[in-house]
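Below: one structure, written as structure tokens.
Read-outs throughout are calculated quantities, based only on the coordinates presented, and are distinct from any laboratory measurement. Treat the numbers as computed from the prediction; the structure is a model and nothing was measured. Methodologically, a virtual Cβ is constructed for each residue, glycine included, from the backbone with ideal geometry; neighbour enumeration extends over all protein chains shown.
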Amino acid sequence: MNFNYLALAVPFFLFLIGLEFWVSKKKGKHFYNFNDTVSNLSIGIAERLLDGLTLGLFYFVYDYLYKHFAIFHIQPSVLSWIGLLLITDFLWYWYHRLGHEVNLLWSVHVVHHQSEEFNFTVSARITLFQAVARTFFWSLLPIVGFSAEMITTILLVHGLYPFFIHTRTVGKLGILEYILVTPSHHRVHHANNEQYLDKNYSDVFIIWDKLFGTFAEEIEEPTYGLTKPLNSNSFLWQHFHFMLEMGYAFKYAEGWREKLKMLFGKPEHINPTYRRVLEQKFVIHKTDKLHSTRFRNYVVLQMTLILITLFAFLLLEGQLGLATQIATTFIILITLVNCGAILEQRRWIFYLEYIRCFLILWISYIHFENTINPYFLSSIILIVTLYFKTLNRQYLRLIYGLHNN
Ligand SMILES: [Zn+2]
Ligand SMILES: [Zn+2]
């Protein structure tokens, strides 16, 4: 059997997250918050899942550019690997800095900064859109003359490093503070304290911030998150709120000069009242008064099952048929939307349950065609459809403890 051993990253990182949680508890610190952790992991799961499917495409882009547009053809050697790491890190600095200074790029990077906690799970807050934006910057590497094999290897190392700097359990690291990006430096980057804004963009080496004048040392205790907090656990809202704000600002800007400023200008140029207008439009922040906390256990159960599914999916990716891959991808994404919506106490989640149920039945049928009777499956679907209203009411009562729906 042909396994994808990169999938082992899932249990490895989960182990480290558990370890950090345990250490912080032992120290009597509250570095973890339930809703934030669920949001962080949800975003990370979606990215791992979709990135697993698109990795080949990124490789193809690098390979195509190398074969057709490379200025040099650089051979692997100790020096060229060091050079590649430095150039990658330099490109990262500018990708990241522009990610904060240009609205179009901020609309995808903002997701990384929404958490008001700072722990290992925050490193998972990367989206596929961000991976695509980054690929544009990395595309300079094959043009300079590095092969796709070298690039994907270095990106793996470069991509692993930031995980370790998202923690409050490590203090300052002596001499390393002068060379590498440390947890202390990155805490500053995620802080919303006035003196820490737009600082410390580097990824592996801190030299770029020092060189381009964006370095700040951690002195005062940081507070984390956006300057205008989102206060939402919705999976979709977290991903798309700034894109919508930007679109709204673009629509209402007068003249092309102003319109372009909404896309390529700085985030502070966007009128902050637009978010409130959109929040009302998409019914964000309207929560019911609950009689139960059972819904949290249900979220924990779903997250556990989805992490196991993700691990199995990545490990066996090469052996799964296309239909199973597509259905599993949708089941995972629906579950993530569902978990966020449960934390927001939405009532429409039963519709998601209904779709998910169909997809699970479909996958079961594909794999166990001979043992599952199609009439039996059809009757389940029929019963669920006929008793939809009753089941919906019972379901909401079970999850939220609602009696008056
Ligand atoms: Zn950032
Ligand atoms: Zn970060």
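Using DSSP loop states and a limit of at most 16 other Cβ atoms within 10 Å to flag chymotrypsin sites (Phe, Trp or Tyr not before Pro), what is the longest stretch of the chain containing no flagged site? Within the chain, the longest run free of exposed chymotrypsin sites (Phe, Trp or Tyr not before Pro) spans 73-281. The residue among Pro222, Thr371, Ala70 whose Cα reaches farthest toward the positive pole of the charge dipole of the chain, with charges on the beta-carbon of Lys, Arg, Asp and Glu, is Thr371. Taking only Cα atoms, what is the 0 to 90° angle, nearest 10, from helix 294-316's long axis to the longest principal axis of the chain? Once rounded, one gets 60 degrees.
The sum of -39500 (n - 2.57) across all DSSP H runs of n ≥ 4, divided by the residue count of the chain, sets its helix-only mean residue ellipticity at 222 nm to -20500 deg cm²/dmol. For His367 and Leu301, the FRET efficiency from 1/(1 + (r/R0)^6), where r spans their Cβ atoms and R0 equals 30 Å, is about 0.85.
For the chain, the longest principal axis of the alpha carbon atoms and the long axis of helix 322-343 meet at an angle near 90°.
Between 0 and 90 degrees, the angle of helix 128-138 with respect to the longest Cα principal axis of the chain falls at about 20 degrees.
Counting neighbouring beta carbons within 10 Å and listing from fewest to most, the residues Arg296, Arg187 come out as Arg296, Arg187. Note on Lys172: aspartates and glutamates with a C-alpha under 12 Å away, same-chain residues under 8 apart excluded, are Glu217, Glu218. With springs only between Cα atoms under 10 Å apart, run a GNM on the chain and tell me which of His269, His166, His68 wobbles the most. Among His269, His166, His68, the largest GNM mean-square fluctuation belongs to His68.
Oblate is the label for segment 269-405, because a/c, from the alpha-carbon gyration tensor with a ≥ b ≥ c as root eigenvalues, is 1.5 or above and a/b does not exceed b/c. Would you tally the net charge around His185, using a Cβ to Cβ cut-off of less than 12 Å, leaving His185 out, and scoring K and R as +1, D and E as -1? Once positives and negatives cancel, what remains is -1.
Could you pull out the longest piece of the chain with no exposed loop GluC sites (Glu not before Pro) in it, calling a site exposed if DSSP puts it outside H, G, I, E, B and it has at most 15 other Cβ atoms within 10 Å? Maximal segment without exposed cleavage sites: 1-216.
Please get the size of the charge dipole for the chain, origin at its Cα centre, with Cβ charges of +1 on Lys and Arg and -1 on Asp and Glu, quoted in debye to the nearest 20.
1240
Of all the options Pro267, Pro229, Pro76, the one that moves most in a Gaussian network model of the chain with Cα springs shorter than 10 angstrom is Pro76. Each Lys or Arg adds one and each Asp or Glu subtracts one; over the other residues with Cβ under 12 Å from the Cβ of Gly265, this totals +1.
Ranking of Thr309, Thr390, Thr37 by neighbouring Cβ atoms within 10 Å, starting from the fewest: Thr390, Thr309, Thr37. For Phe205, the residues 5 or more places off, or on other chains, whose built amide H falls under 5 Å of its own are Val181. Its residues counted as N, the chain yields a C-alpha radius of gyration over 2.2 N^0.38 Å of 1.07.
Using only side-chain charges placed at the Cβ, +1 for Lys and Arg and -1 for Asp and Glu, the dipole size of segment 5-212 relative to its Cα centre rounds to 460 debye. The residue among Ala124, Asn233, Gln114 whose Cα reaches farthest toward the positive pole of the charge dipole of the chain, with charges on the beta-carbon of Lys, Arg, Asp and Glu, is Asn233. Pairs exceeding 25 Å between alpha-carbon atoms, taken from Lys67/Lys261; Lys26/Lys228; Lys67/Lys210; Lys228/Lys251: Lys67/Lys261; Lys26/Lys228; Lys67/Lys210. Give me the net charge of Trp81's neighbourhood, meaning all other residues with Cβ under 15 Å from the Cβ of Trp81; Lys, Arg count +1, Asp, Glu -1. Once positives and negatives cancel, what remains is -2.
A DSSP coil position with no more than 14 other Cβ atoms inside 10 Å describes the following trypsin sites (Lys or Arg not before Pro) in segment 1-30: Lys27, Lys29. Between Ser39, Ser77, Ser184, where does the largest GNM mean-square fluctuation fall for the chain, given springs only between Cα atoms within less than 10 Å? Result for the chain, Cα springs under 10 Å: Ser77 fluctuates most.
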